[in-house]
Amino acid sequence: MIYGVLVGVILRFGVHVPASMSDVILNCAVNASPATLLVNVSGRFYEYTLKGEVSRGKGHQVQDDEMLRKVTFDPEVFFNILLPPIIFHAGYSLKRRHFFRNIGSILAYAFIGTVISCFVIGLIMYGIVSFMKVVGQLGGDFFFTDCLLFGAIVSATDPVTVLAIFNELKVDVDLYALLFGESVLNDAVAIVLSSSIVAYQPAGDNNHSFEAMAMLKSFGVFLGIFSGSFALGVVTGFMTALISFHLLSHNEHLQLVQGPLMFCSLTLRFAHVTKFTKLRDFPLLETALFFLMSWSTFLLAEACGFTGVVAVLFCGITQAHYTFNNLSPDSQDRTKQLFELLNFLAENFIFSYMGLTLFSFQSHVFNPMFIIGAFFAVFLGRAANIYPLSFLLNLGRKNKIKSNFQHVMMFAGLRGAMTFALSIRDTATYARQMMFSTTLLIVFFTVWICGGGTTPMLSLMSIPVGVDSDQDNSISAVLDGTQRSTKHESAWPFRIWYNFDHNYLKPLLTHSGPPPLFHAACLLWTAGPMPHQPAGL
């Protein structure tokens, strides 16, 4: 961030482009700003596409501002290139045991908490905007839907800095799982929620007033986009798991078909058989195909009208649970290192670009009253998410969420890459420009102050550190009881899911064998009758 700020200062104040006005027409008889212009020059038509307002000044300032505009990235670059590897890595590196042990609380914070935070911030900001209108401090239109959109944007927590410190200090595994799980799912929820608010359009003359049918439509859009993106990501993960199976050799097939109980033997070995590929023999191709299918999940979801970030998140979780176990050892190491590297590069680029945008963005609107109100609203929105939900969740949890954990979660709600990307995606109106400038300040403050104060906060709250959080998430974990302990520690919905996954999905999609009882029965069957039993038995 500091590096980006320094580069932005140099570009803004230290670099001037020589004026060349021969190709610039400063006056035009067009009163609007059409997206496309067709210009007739001596009988030939030329098409010009609107890039946005360059400058309100004249002379050399137009050239300088044009140079600054060129270093401003298209916001879609963030969503289509930089965010997918960040979100996929979050799902692919998930510590599933601790995540699923706290799945109920994580879902509550991510879904219910994000919606609560969105509406609390939106309502507070609407009150502040209304007061600004009364005192004449507002220079343009600012509707209630804009306030809700701002609430959705700044509700996206992205504690990259905090989680890096947590991982290094080996903080309590449950606290780590709660914060990590919330931040992962919270980003996806915030994206879909913001899209649903944008889709909210009351019937009539665009007066942005409240209307029940439009509200229900927006809620339906939220459910439809999220569920569709979730399903697409999971299905793509299943397909990759099937393709990554290891094909048996011809001799192994011959051994399987010998004997009177071919069906049971085939079933026991089915986890190692596929009709499709021998990818394990080509680790480089295996890694490349894994990468391309993961990225194509994002593009496919966007093409289908869903949210690519949600799809790629659940694709990463599915691939970590199933596909990873089918990969060759070389590909397992390569995929983890590849996505870790891409995640690191993308995050650093985004944070550097945040600093650059502080000085290179052309349409900043800094309103002190709005900024102070936004900080106050963000604080209250985070508090309304953490403390009431923690109280309700503790009523049903055996392992209570302690008050010091709640204080750290409150403090660690940073705003980062996702908040920045959502706010810069649309800066066409006065309201969106004010929201973007304020969001940028919120991101800077939370990353520097909250992120930098994480270690002192852990000491102040007496949070245990040095806890070994490395758990074996491989198939061997099922055999030594790790996954079974997870099942018994979790809520009943997860126990139902665990039984279905262990008995059906894992034998189908991975090299995991059938359930132990079935395995033992088949072994007894193939071993023949016991000496004291009749042969027919």
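The values are calculated or read from the model by the stated rules, or taken from the named source; none is laboratory data. Since the structure is predicted, the reported quantities are computational estimates derived from the model, not experimental observations. Neighbour counts are summed over all protein chains in view; Cβ atoms, including those assigned to glycine, are modelled from backbone coordinates with ideal geometry. With ligands, DNA and RNA removed, areas are computed over all heavy atoms of the protein, side chains included. Shrake-Rupley method; radii C 1.70, N 1.55, O 1.52, S 1.80 Å.
So the values come out like this:
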quantity	calculated
Residues that are touching a residue at least 60 places away in the same chain (Cβ under 8 Å), assigned to a helix (DSSP H, G or I) and surrounded by 19 or more Cβ atoms within 10 Å (Cβ to Cβ), drawn from region 326-341	Asn326, Thr335, Phe339
Scope region 218-231; condition open to solvent by 30 Å² or more (accessible area, probe 1.4 Å) and under 21 Å from Leu292 (Cα atoms); matching residues	Phe230, Ala231
Residue that is most open to solvent (accessible area, probe 1.4 Å) [pool: residues in region 391-404 that are out of contact with any Ser or Thr (no Cβ under 8 Å at 6 or more places or on another chain) and either of a type in the set (D, E, K, R) or assigned to a helix (DSSP H, G or I) (or both)]	Lys398
Output for region 154-170, where each listed residue is open to solvent by less than 10 Å² (accessible area, probe 1.4 Å) and part of a helix (DSSP H, G or I)	Val154, Val162, Phe166
Count of region 347-379 residues which are within 16 Å of Phe444 (Cβ to Cβ) and not in a helix (DSSP H, G or I)	3
Search result, residues across region 83-95 that are aromatic (Phe, Trp, Tyr) and open to solvent by 10 Å² or more (accessible area, probe 1.4 Å)	Tyr92
Answer from Leu505, Leu517 - the residue that is modelled with pLDDT of 50 or more, among the aliphatic types (A, V, I, L, M), open to solvent by 20 Å² or more (accessible area, probe 1.4 Å) and within 30 Å of Thr323 (Cβ to Cβ)	Leu505
Test: residue in region 28-47 that is within 25 Å of the chain's Cα centre (by Cα), among the hydrophobic types (A, V, I, L, M, F, W, C) and modelled with pLDDT of 80 or more	no
Test: Leu193 is assigned to a helix (DSSP H, G or I), within 23 Å of Val221 (Cα to Cα), without any contact (Cβ under 8 Å) to a residue 60 or more places away in the chain and open to solvent by 10 Å² or more (accessible area, probe 1.4 Å)	no
Phe314 touching a Gly at 6+ places or on another chain (Cβ under 6 Å), over 29 Å from Cys147 (Cα atoms) and modelled with pLDDT of 85 or more	yes
Of the criteria (1) outside any loop (DSSP other than H, G, I, E, B); (2) under 30 Å from Asn404 (Cα atoms); (3) modelled with pLDDT under 75; (4) open to solvent by 40 Å² or more (accessible area, probe 1.4 Å), which one Trp448 fails	(3)
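Yes or no, residue by residue, for (1) open to solvent by 10 Å² or more (accessible area, probe 1.4 Å); (2) over 19 Å from Arg415 (Cβ atoms); (3) touching a helix residue (DSSP H, G or I) at 6+ places or on another chain (Cβ under 8 Å):
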residue	(1), (2), (3)
Arg97	yes, yes, yes
Gly104	yes, yes, yes
Cys118	no, no, yes
Ile128	yes, no, yes
